[in-house]
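The values are calculated or read from the model by the stated rules, or taken from the named source; none is laboratory data. Being a predicted model, the structure only gives us computed values, none of them experimental. Cβ sites come from the backbone with ideal geometry, for glycine too, and all protein chains shown count toward neighbours. Note: areas computed on protein heavy atoms with side chains; ligands, DNA, RNA excluded. Shrake-Rupley method; radii C 1.70, N 1.55, O 1.52, S 1.80 Å.
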Amino acid sequence: MTPARLRLWIAVSAGLLVAAIAGFFVYDRWQGRSFGHDVPNGLGSSVQQSTDGFTHSESRGGHTIYSLHASKAVQFKTDGHLELHDVSITLYSAQGAPSNRIYGSTFDWDPAHGIARAMGEVQIDLQGSPASSAQAGKPTADDGEDKNTVHVKTSGLVFNKQTGLASTTEGIEFRLAEAAGSATGASFNSQTGIMILDADVAFNSSVGGSPLSVRARHAQYDRASRLLYLLQDVTDYADSHSSSDQATVSFRADGSAYQVEAQGNVIFTSSDGQQINTRQAHIDLGPKSEPEQAVLDGGVLYVANNAARLLHGSASSGTLLFGAQSTIKHAQLRDAVSLVDEEKLQPVSSVSDKSRQNPPESTTRQVGATKVDVDFAPGSDRPPEAEHILAVGGARLNVHTIYAKTPPEDTTVQGDQLFATLADGDVLSSLRGTGHTSLVVVSPNGVKQSSTGDNLLLTFAPPNPPPAKPEAKTRKGKTDTPTPRPASQLQTAVQVGNVTLNQETPAKPADAGAQPAGGVPAVTTAVAQRAAYDAATQVVQLSGDPRIRDASGELSAAFIEMDRSTGNANATGGVKATYRQSSGQQQSLAFTGAGPVHVVADHAHLDHATDLTTFYGKTGELSRLWQGSDSVSAPVLELSRVRATLAAHGPGGDAAAVNAVFTSSPSNAKGPAPAPPPTAQTSVVRLQSRTLFYADADHKAVFSGAVVAQTSSGVLHSSFMDVYFTPAPAQATHGPAPQSPGKTPDLQGGQVSKIVARGAVELQQPGRKGIGENLTYTAEDGKFVLTGTSATPPRLFDQVRGTVTGTALIFNDRDDSVLVSGGASKAETQTRVAK
């Protein structure tokens, strides 16, 4: 767009300067020399008169300067004026060759006042500049005339020898082989070298087969400084239009223009809806008057409006650089740069691909920065297209998409610098951010995902072309506007250096259960040194000490993968997790403690649909969960925070795969028994089994498969074992425990209240052993009740008393007594065995 307008201004200078200025200058030289010096009063002896008229010439240094021929000459005695008819003047170059000719029907010369006046029409033929005339091989017309010849026609021309001013108030016309122009009123001062075209300046030509039209209200040329001034200039070329309040063109000695200054309401417009407005434009031109650089200042406004999009932007100033064939190669916009691209998509009803469930109705992109640089790629058969865009200084890109059936989607990318690579001029291929980068996406469902980091790289897949439409002719013969090409889709995203990711889900109603009263949004945060997203798999990979945390806990590992399509996640290498009861949470995992739950494992998998996190150990190293002094370790731990359940097992049902340790504080023991002495220690229960399942709602842990429980008083074996816990005080109210700021919660708020062993029960204590089918231990009274079946009643093997049996055997852990309950007579036998 800009090169075409620059060439127009160059054409203006060539047409107006060469035609009008040179014409008046040549006429001035002839008038001054011929009438002022060589034509004496009364046609003196230097004039030779013949039947065909008379001829006069002047020579210097052996070369003819000019020659004059008139068919008739008359001198009037009343006023001394000299009148010449049918005048033809030929001016010669420094080499003596004819260069310019002037024709007129009648001339009047006033020798007293030094004024020459053309009484009728004047025609001037200019053969071009001396430099161009001396060159050989110039193109010529069919009649042999030099194509650079300029023909000038005017009337009412007046020349004042005293002031050196030649002027006319009449119209002036000039034409070349491929151009023509006109003006109303003109003057030329031979002493100052200033030529003025008063009004209605016009120039018409063609460039490359396209029409060129230049108009100005006023024009002035200074021969000494070689400056051309245009007021209210307007240029139309092909399908473009430009105008300004004032334009100044500077010329070199060889006649080529090297600089253009346009000021005041500078406007460039094209037929495809593009327009640039600025207050001042400075254009530097090359040796052949081709544009090299254009500087726009005083505010720049840009608008491009067509059937596919509305593009508008602004900046304080800008610079354009041009390459081969005057095509733009670089553009720079500076200070408060803003660019908005509003894509006009067809209505949903007109989209041919009706299989799309929720097509976009419109997309708006906005770029803001302190400075924006654009590199253009040249093309042999197309205009230059934008290839790279660099935005510096608080760079920001926002994409806002409005859909047909859902709320809009909003994406914002920010950084100290944003560098974009484009394909085909307007399709985003990649976007690289440097320094304080951020990416924020608000999806139609209200989920807000954001990330920050030192550097960011986004790559985009090329868009699929829209379905072809049959070309339809309108009543005006124009084709319908094609469907706009859809935007490119995100392919990969990589962010490195102090990466922080946040996901914020919309607030739910207060009765949703998972949210506290008032509907506080749920926020999940992840930190890492590197985050990578692949659109094909919808997987986000975190590395470099990654951590994920929310209101109820935190998870870290060497490497974490998150699937955005399913919400699932995988953590690998040195997995560590901490879970705590968040405000308003109705349930949390707790055994005998009220503090946070910690887990370590080799790797873990989070299933979003079932809300189940599975932790895996590795060979020689089990995964381990603990809360306070209670712990569970196994090859596999399955934890559900929503249901507050825990399952532990081995990979193939190995014996003793699960290990658990539970502690109870003696101060929390309940029952009629006296308080233990000060030397009593916390009771510890160690269990082993093939599997474990714990449900916090029941406060019960179920151990299965070769269960072994060890306490300070003995060892208990069974096929199954249920361990019941007294809930911690904070849990008993099903609400958050009141805590003072900075105070650590009581980690030993509960205890083991009851143990029920089932199947192949064997209780081993020092000096004795009991076997049966079922055993119940209650911590409140410290008793073990061992029972069996009618066929196999429980038995006690004592080293001192021998074998004891009965319907039930009751072991008292506090006084070390055994109560034997008999058969149908319900006789009871009490046996005491020394420890």
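In the structure shown, the pairs LYS700/LYS783; LYS448/LYS700; LYS371/LYS405; LYS618/LYS754; LYS329/LYS371 are assessed against 27 Å; a Cα-Cα span above that value is assigned to LYS448/LYS700; LYS371/LYS405; LYS618/LYS754. Rounded to the nearest Hz, the phi-derived 3J(HN,Hα) couplings of the stretch 278-293 under the Karplus curve 6.51 cos²θ - 1.76 cosθ + 1.60 (θ = phi - 60°) are 8, 8, 8, 10, 10, 10, 9, 10, x, x, 9, 6, 8, x, 10, 8, where x marks glycine and proline.
Listed by chain and number, the aspartates and glutamates whose alpha-carbon sits under 12 Å from that of LYS576, ignoring those within fewer than 8 places in the same chain, are ASP545, GLU554, ASP602.
Straight-line reach from LYS344: taking Cα to Cα under 13 Å and skipping same-chain neighbours fewer than 8 places apart, the aspartates and glutamates in range are GLU361.
Model label sites at GLU342 and ARG814, defined 7 Å from Cα along the beta-carbon direction, differ in position by 8.4 nm.
Check the straight Cα-Cα distances from LYS72 and name the aspartates and glutamates below 13 Å, setting aside those fewer than 8 residues away within the same chain. List returned: ASP52, GLU83, ASP86, ASP108.
Given the convex hull over the Cα atoms of the stretch 517-579, what projected area results after averaging over all orientations, in nm²?
Over every viewing direction, the Cα hull of the stretch 517-579 projects on average to 4.9 nm².
Shown for the stretch 364-464 is the translational diffusion coefficient from the Stokes-Einstein equation, using the Kirkwood radius over Cα pairs, a temperature of 4 °C and a viscosity of 1.567 mPa s: 89 µm²/s.
Calculation over all alpha carbon pairs of the stretch 770-809 in 10 angstrom steps from 0 returns a P(r) of 32, 46, 21, 0 percent.
For the stretch 232-350, what is the accessible area per residue in Å² when the probe is 1.4 Å?
Computed with neighbouring chains in place, this is 44 Å² per residue.
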